[in-house]
1. For Tyr288, what residues show an amide H to amide H distance below 5 Å, using hydrogens built from the backbone and excluding near sequence neighbours?
2. Tell me, in nm to one decimal, what length is gained between Leu277 and Phe248 on full extension, where the rule is 0.36 nm per residue of separation less the Cα-Cα distance?
3. For the chain, modelled as a Gaussian network with Cα springs under 10 Å, which listed residue fluctuates most, Ile315, Ile62, Ile262?
4. Report, by chain and number, residues whose modeled amide H sits under 5 Å from the one on Lys326, excluding near sequence neighbours (fewer than 5 apart, same chain).
5. Step through the residues of the range 39-56 one at a time and calculate ³J(HN,Hα) from phi using the Karplus curve (6.51 cos²θ - 1.76 cosθ + 1.60, θ = phi - 60°), rounding each to whole Hz and writing x for Gly and Pro.
6. Starting from the Kirkwood Rh over alpha-carbon pairs, what translational D in µm² s⁻¹ does the chain have by Stokes-Einstein at 4 °C and 1.567 mPa s?
7. Calculate one ³J(HN,Hα) per residue across the range 384-390 by plugging θ = phi - 60° into the Karplus curve 6.51 cos²θ - 1.76 cosθ + 1.60, and present them in order as whole Hz with x for glycine and proline.
8. Give me Leu48, Leu43, Leu97 ranked fewest to most by other Cβ atoms within 10 Å of their Cβ, as a rough exposure proxy.
Amino acid sequence: MKVVAIIQARMGSKRLPGKVLLDLTGKPMICFLLERISKSRTLDEVVLATGDGEDNDKLAEIVKNSGFKVYRGPEDDVLARYSQAAKHYKADIIVRLTGDCPFMDPNVIDDLVKVCIQGGYDYVTNVKPPTWPDGLDVSVFAHKILNDAHLEAYNKSDREHVVPWMWRMTSLEGIDRYQAANIKCDQDLSEFRFTVDEKEDYKFLKQLVAKIGETEVQNAGFEDIISCLLKNPGLQKINCNIERDAGFKNSIEKENIDGKQIYLRDVGPADVNENYLMWMNDPEVTEYTASSGLKYTKAELVKYVVQQQANTANIFKAIILRGDNKHIGNIKLGSIDFKSGTGDMGLIIGEKSLWGRGYGAEAVGLLCRYAFSDLKLNIVTAGYFDGNPASAKVFIKNNFRFESRNTMRINNGTEVFVNWLSLNNKEFYDRKKK
């Protein structure tokens, strides 16, 4: 079984450009990191995976000249880069690391690799939840789950950060498609930070090296680093105000679909609060939905949300008011078939006091725009029950056209008449031009 560490790094960092080549103990930071990683006892190969843009030529040359292997792949699709590198080096197990964590501890890597192999896990990490210092994040996973992620993940944040799709598909976030484990630190050390995202982080590292010593720091374990910080509390104050995983959070925010009155973002388990529970158990709110007449527990709704987000054929978004960020309803594009270019849309506005104010119509327009421009779908369909003219108005306002009418038996056993509408790409953009 071949274990390959793949370290992602490139020169185009937005917050600190060229950070991986900054000096650390008289050598580029990326080389300092690669030398530390190479001390791992479980790794068969260590590979830098960088982008194929010319900006990374210098990085690739320096790393090669230092005796390390380099794979170059898509600049902006890191997941594809990982998949290609793993295939190229015939990896059975991949250790995912990032080039901005120079004090990565090879012993931590070894511990996670052993758990993954001995436990037969598909995915093992130490960040769900984070209990280790920021800068010791490790993910170890089988080639199959990486390949599946590459084929199925479509969110930009999934492709930039490689592992979030894997989180959603494992027991770490409620789905058992793959088996996963999280390794906690013996004590919660998540307040400590020795990664490099900002100038303050680099200043911190330089002073830390000066305290430990340039020779000693190259073999220092994370316990040695924590010990130094506890003896020198002033060091930690240098970069203590920088948010952990800010880059990932920014990527998620960029995936919000912004409108004039509202924006759409992913629905998560944390959204299932008492207000959400009240919506779904209010007969007036659910009267014209497939959930009509049913009663839900909070646990059932959390399970539903997790399942929806794990289903790659669904886009499940919360409808959020701009300004006060109030969650007022949900909208879903489900049964997505990328081969035929189709999907089916439905929504619910849970806040009854906000009915009739145009939020539903705006949400439909925003998700249609995403479906046609980002997902490249050709047709979006929608259905509404007889007796629900408000729902019909929401879709017709967005240029949906009547297609057919039939009966459907909903979850409570009642048979209802459903009116089916459709909207194609051209009709949507023709309407936008008017």
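1. none
2. On the way: separation 29, 0.36 × 29 = 10.44 nm, distance 2.91 nm.
Taking 0.36 nm per residue and subtracting the Cα distance, the gain is 7.5 nm.
3. Of Ile315, Ile62, Ile262, the most mobile in the Gaussian network model is Ile62.
4. Leu321
5. For the range 39-56, the Karplus-derived couplings read 7, 4, 8, 9, 8, 8, 8, 10, 10, 8, 10, 10, x, 8, x, 5, 4, 9 Hz, x marking Gly and Pro.
6. Details: Rh = 24.1 Å.
Answer from the Stokes-Einstein relation: 54 µm²/s.
7. Computed from phi, the couplings for the range 384-390 are 9, 7, 3, x, 10, x, 5 Hz.
8. Numbers: Leu48 30, Leu43 20, Leu97 24.
If I rank by nearby Cβ atoms, fewest first, I get Leu43, Leu97, Leu48.
The numbers here are math on the coordinates, done by the rules we state, and not lab data. Keep in mind it's a predicted model, so treat the numbers as computed, not measured. Methodologically, a virtual Cβ is constructed for each residue, glycine included, from the backbone with ideal geometry; neighbour enumeration extends over all protein chains shown.
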